[in-house]
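The values are calculated or read from the model by the stated rules, or taken from the named source; none is laboratory data. Bear in mind that the values here come from a model prediction, so they are computed numbers and not experimental data. Please note: Cβ atoms are built from the backbone with ideal geometry, for glycine as well, and neighbour counts cover all protein chains shown. Heavy atoms of the whole protein, side chains included, go into the accessibility calculation; ligands, DNA and RNA do not. Shrake-Rupley method; radii C 1.70, N 1.55, O 1.52, S 1.80 Å.
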Amino acid sequence: MDQRQNVTILCIDDEDDICFALKTLFRTQGWNTAAACDVNAGLKLFTQLRPTLVLIDSHMPGLNGVEGVRMLRRLSATVPIIVFTIDECQRVADEFLAAGASDFALKPIKAPDIISRVRLHLRLLEQQNIDVSFTKGISHGTLELILNYLHQCDRPVTANDISKNTGLAYQTVFRYLQHMTQQKLVDVESVYGKVGRPKQMYRVRPE
């Protein structure tokens with residue numbers, strides 16, 4: 001996929017200023033943009049346009065963001081869905097990921113962050129020859145991205161390290177690390193500093 005051509009991004013947000021700003025920003029990247037002010041309008045546009053990627057606000061009037069993600073995911077198992085949120089609570093993030101969200105972008109929106117995040121998911125979209133499963137909020141493309149990064153590391157790293165170096169939101173990385181630990185794909189160790197809670201460090205489990 002050419003990341004500058006034939007890309008249509010659907011923005012679902014009840015704030016007109018945000019939709020306008022995103023349209024202006026994405027135009028500089030050569031991406032087409034459609035906007036909807038609520039989930040029902042977004043679903044209608046999704047069916048009409050079959051967008052490449054969806055951005056949806058976590059707090060929406062009427063149908064909430066989680067239900068919106070769930071309904072979008074029923075329409076497509078592969079389209080990336082990035083959730084705008086002001087809430088960094090991992091419990092909320094896990095709920096969205098379980099519904100089928102691909103990643104998160106924090107508000108207030110920063111242009112470099114959202115552009116890099118969209119580019120990342122466009123690259124992952126090119127890997128759709130890999131089977132994708134959203135039943136547990138886990139995409140194999142994203143899983144491979146994190147595993148490949150861990151394989152390159154010669155020492156254990158934190159979830160924050162992985163987030164910074166893969167471009168994924170911290171909440172997304174943490175959810176995947178939980179899954180990978182349960183599946184015995186990674187080992188986790190606690191490193192205790194002088195004060196505060198211990199750091200959780202992760203490494204790929206030796207085969």
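For the chain, the longest principal axis of the Cα atoms and the long axis of helix 65-75 meet at an angle of about 80 degrees.
As I understand it, the value is the acute angle between the Cα axis of helix 140-152 and the longest principal axis of the Cα atoms of the chain; what does it come to in degrees, rounded to 10? Once rounded, the angle reads 40 degrees. Ordering of 73-82, 101-110 by packing is 101-110, 73-82, highest average first (other Cβ atoms within 10 Å, averaged per residue). Take every DSSP beta bridge whose two residues both sit in the range 57-207; close to 60 percent of them are antiparallel. Heavy atoms of the protein chains alone define the surface here; on that basis the chain has 52 Å² accessible area per residue at 1.4 Å probe size. Modelled spin labels at K23 and K164, positioned 7 Å past Cα toward Cβ, are 3.8 nm from each other. Here's the picture: charge each Lys and Arg Cβ at +1 and each Asp and Glu Cβ at -1 in the chain, and of S76, I86, Y149 the one pushed furthest to the positive end of that dipole is Y149.
Close amide H contacts of A169 (hydrogens built in the peptide plane, cut-off under 5 Å, sequence separation of 5 or more or a different chain): F104. Taking label points 7 Å from Cα along the Cα-to-Cβ direction, K110 and L147 give a separation of 3.1 nm.
Which of K23/K44; K164/K199; K44/K107; K107/K199 have a Cα-Cα distance over 22 Å? Over 22 Å Cα-Cα: K44/K107; K107/K199. Taking 0.36 nm per residue of separation and subtracting the Cα-Cα distance, full extension of the segment from N6 to R197 would add 64.1 nm. Split the accessible area of the range 79-178 by element, probe 1.4 Å, and carbon with sulfur accounts for 48%.
Restricting the GluC sites (Glu not before Pro) of the range 46-116 to loop positions (DSSP other than H, G, I, E, B) with no more than 15 neighbouring Cβ atoms within 10 Å leaves E88.
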